[in-house]
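The values are calculated or read from the model by the stated rules, or taken from the named source; none is laboratory data. Only a predicted model underlies this, so the values are computations on that prediction, with no experimental measurement involved. Don't worry about glycine lacking a Cβ; one is built from the backbone with ideal geometry, like all the others, and counts go over all protein chains shown. Heavy atoms of the whole protein, side chains included, go into the accessibility calculation; ligands, DNA and RNA do not. Shrake-Rupley method; radii C 1.70, N 1.55, O 1.52, S 1.80 Å.
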Amino acid sequence: MNSAIETLLGQLTLEEKISMLAGADMWHSVPVERLGIPSIRVTDGPNGARGTQPVGGPSSACVPVGVALAATWNTELVQEVGAVLGEETRAKGAHILLAPTVNIHRTPLAGRNFECYSEDPHLSARMAVAYINGLQSQGVGACVKHFVCNDSEFERNSISSEVRERALREIYLPPFEAAVREAGSWSIMSAYNKVNGQWASENHHTLIDILKGEWEFDGLVISDWYGTYTDQLAAGGLDLEMPGPARFMGDKAMALVQAGSVTEAQIDDKVRRLLRTIQRVGAFDHPQLASEQAVDKAEHRRIARKAAGEAIVLLKNDNQLLPIDLETVNSIAVIGENAKWAQIMAGGSSQVTPHYIVSPLEGIRQMAGDDAKVSYQIGTVSHRSAPVVDPSWLRTDAGEPGMLVTYFGNREFEGKPVYTETQSRIALSLFGDRLPFINYDELSVRIEGSVTPPESGSYSITVTASGRFRLMLDGVCQIDNWDQAAAGERNVQSAIVELEGGRSYRTVIEYASFAGDTWRILSF
């Protein structure tokens with residue numbers, strides 16, 4: 001028993017304990033300044049440490065995604081990758097990286113397969129242990145996710161994974177068990193879904209019987225973001241509800257204690273785990289939250305490149321065509337959308353602003369130099385969702401790269417702006433604490449600048465957003481869903497326009513949020 005933690009626990013009032021059971025905001029825990037208990041910061045992973053800004057923050061190292069790391073079959077290399085991400089997490093002033101993802105590939109349609117390792121539980125377990133050992137060697141906590149059976153993105157907030165005990169034990173649990181028992185992961189994230197009819201965030205069998213009982217896990221159980229659902233949450237195995245402020249682990253948890261449905265000893269267990277985590281990540285010794293930085297290290301680049309190289313599997317090489325001999329080849333054709341616009345990551349929690357991106361086309365051209373002609377065709381368009389406008393096409397009215405983004409504290413663009421910034425890439429995520437002085441329920445945003453396409457032709461322009469929006473080119477409204485948009489929905493509108501290459505088109509996008517939405521996004 002840790003005497004320092006027990007002393008702190010004994011000094012906390014019940015009200016202070018309850019206040020610690022949910023986050024302060026999107027990324028931080030609640031401090032108790034009276035007793036010197038600091039706030040800790042978490043950040044999204046698993047193939048990079050993003051920081052608190054979903055878009056536009058300090059850049060990050062972007063390592064290969066989980067399915068690529070598993071394809072290396074190299075645990076020593078994956079441990080090196082984990083150590084890189086530990087350093088990156090610290091550069092973002094964070095204490096816990098929300099990673100690795102160890103759910104099992106049970107269907108090729110699962111939306112987050114790319115960030116998981118494999119369909120094989122043993123391989124997934126080996127990767128997880130190596131990753132966590134590397135990460136936590138840097139004093140950064142892993143948060144292995146998503147516990148458990150979160151193997152479909154379809155209706156993930158309502159689906160129930162019906163799993164028999166043998167399948168649970170032999171397929172779904174082994175990577176988590178190895179992460180806890182072998183690597184000693186400091187935290188674990190509960191899933192959105194139900195498991196056999198009970199929410200994963202309050203599932204007694206998985207959280208209490210197995211995780212905290214059989215495996216003797218002494219770390220922190222964190223909810224997936226908004227993955228909490230009932231007033232009974234405090235009675236279960238979840239320790240920290242995210243994000244804050246509390247929905248169920250605040251006043252409702254207090255009411256359960258006052259009614260005798262939850263004991264103070266149960267609350268103590270949750271707070272003890274949080275205090276233990278704060279101690280493990282060194283926050284008691286260094287309580288001041290560090291600023292976020294972009295630290296682009298040559299060694300990090302080397303390790304990421306090595307991992308990417310080892311992830312590649314060449315299935316066929318007729319006549320030893322590869323590697324290309326530039327002494328005998330004078331023309332190279334590159335075909336494919338993703339050759340020119342490199343897809344090195346997906347969205348959501350895996351998205352970072354990378355230090356750099358080298359597309360296959362760019363890399364081939366650099367390699368060929370003047371020795372071979374490299375031609376390119378887009379071939380078949382392969383994207384499901386519309387890609388954002390190439391940042392090199394964007395300029396502010398002052399001629400700077402990007403577009404000016406202006407935020408208003410109402411839905412009518414009235415009065416003095418609350419905040420302005422320049423964004424190089426128009427893919428806004430309007431949630432969390434990046435702009436804590438803005439009420440997102442009462443928000444309108446104007447994005448303006450110019451778009452200059454490099455070639456003449458027909459272009460499909462698309463705006464995707466949760467909220468109302470319209471788009472004007474040179475004063476002509478091309479997209480308008482202002483009166484048709486509905487709360488809680490992601491709305492997509494497109495228009496085909498004829499544009500002249502090299503000509504700049506004055507572009508204005510207006511957006512207004514709906515009250516109560518939790519995920520506010522806008523991309524162009």
**Item:** Computed accessible area, Met26, all protein chains, 1.4 angstrom probe, square angstrom
**Value:** 10
**Request:** Can you tell me which of 66-74, 11-19 comes out highest on packing, and rank the rest after it, using the mean Cβ neighbours within 10 Å?
**Result:** 66-74, 11-19
**Request:** Can you pull the one-decimal nm distance between simple spin-label points at Ala495 and Tyr356, each 7 Å off the Cα toward Cβ?
**Result:** 3.9
**Message:** Given a 1.4 angstrom probe, I'd like the percentage of the accessible area of segment 387-524 that is carbon and sulfur, rounded to a whole number.
**Reply:** 46
**Prompt:** From the Cα gyration tensor of segment 64-166, with a ≥ b ≥ c the square roots of its eigenvalues, which class applies: rounded if a/c is under 1.5, or else prolate if a/b is larger than b/c, or else oblate?
**Reply:** prolate
**Furthest towards positive pole of dipole, Gly56, Asn319, Thr263, structure part the chain, Cβ charges** = Asn319
**Prompt:** Mind checking the angle between helix 298-311 and the chain's longest principal axis? C-alpha axes, 0 to 90 degrees, to the nearest 10.
**Reply:** 80
**Prompt:** Taking the Cβ-Cβ separation of Gln279 and Lys252 as r and a Förster radius of 30 Å, what is the calculated FRET efficiency to the nearest 0.05?
**Reply:** 0.60
**Message:** As an exercise, identify the chymotrypsin sites (Phe, Trp or Tyr not before Pro) in segment 461-520 lying in DSSP coil whose Cβ has no more than 16 other Cβ atoms within 10 Å.
**Reply:** Trp482, Trp519
**Complete:** Per its Cα gyration tensor (rounded if a/c is under 1.5, else prolate when a/b beats b/c, else oblate), the chain is best filed as oblate
**Item:** Accessible area expressed per residue, segment 1-109, with surrounding protein chains retained (probe 1.4 Å, Å²)
**Value:** 33
**Request:** Could you rank the peptides 178-188, 443-453 by their average count of other C-beta atoms within 10 Å per residue, with the highest value first?
**Result:** 178-188, 443-453
**Message:** For Trp341, what accessible surface area do you get with a 1.4 Å probe? Give it in Å², rounded to 10.
**Reply:** 100
**Request:** Using label points projected 7 Å from each Cα along Cα→Cβ, tell me how many nm separate Glu442 and Lys416, to one decimal.
**Result:** 1.6
**Prompt:** In the structure shown, do any of Lys306/Lys340; Lys212/Lys252; Lys145/Lys212; Lys145/Lys297; Lys145/Lys194; Lys145/Lys306 have a Cα-Cα gap over 20 Å, and if so which?
**Reply:** Lys306/Lys340; Lys212/Lys252; Lys145/Lys297; Lys145/Lys306
**Fill in**
With R₀ set to 30 angstrom, the calculated FRET efficiency between the beta-carbons of Val381 and Ile159, to the nearest 0.05, is 0.45
**Prompt:** Heavy-atom accessible area per residue, segment 130-264, 1.4 Å probe: how many Å²?
**Reply:** 36
**Message:** Report the gain in length on full extension from Gln266 to Arg34: 0.36 nm times residue separation, minus Cα-Cα distance, nm rounded to one decimal.
**Reply:** 81.2 nm
**Asked** With every protein chain in place, what's the accessible area of Glu165 (1.4 Å probe, Å², nearest 10)?
**Response** 80
**Item:** Backbone HN-Hα couplings from phi across segment 473-485 [Karplus 6.51/-1.76/1.60, Hz, Gly and Pro as x]
**Value:** 10, 6, x, 9, 6, 9, 9, 8, 10, 4, 8, 9, 5
**Prompt:** What does the accessible area per residue of segment 286-338 come to in Å², with a 1.4 Å probe and no ligands, DNA or RNA counted?
**Reply:** 80
**Asked** What span do the alpha-carbon atoms of segment 292-383 cover on each of the three principal axes, reported in whole Å from largest to smallest?
**Response** 49, 32, 29
**Complete:** Packing-ranked peptide list from 319-329, 373-383, 105-115, highest mean Cβ count within 10 angstrom first, is 105-115, 373-383, 319-329
**Request:** Take every Cα pair under 8 Å in segment 448-524 that's 6+ residues apart, average their separations, divide by the length, and report that relative contact order as a whole percent.
**Result:** 47
**Request:** At most 15 other Cβ atoms within 10 Å and a DSSP loop assignment: could you name the GluC sites (Glu not before Pro) in segment 191-253 that fit?
**Result:** Glu216
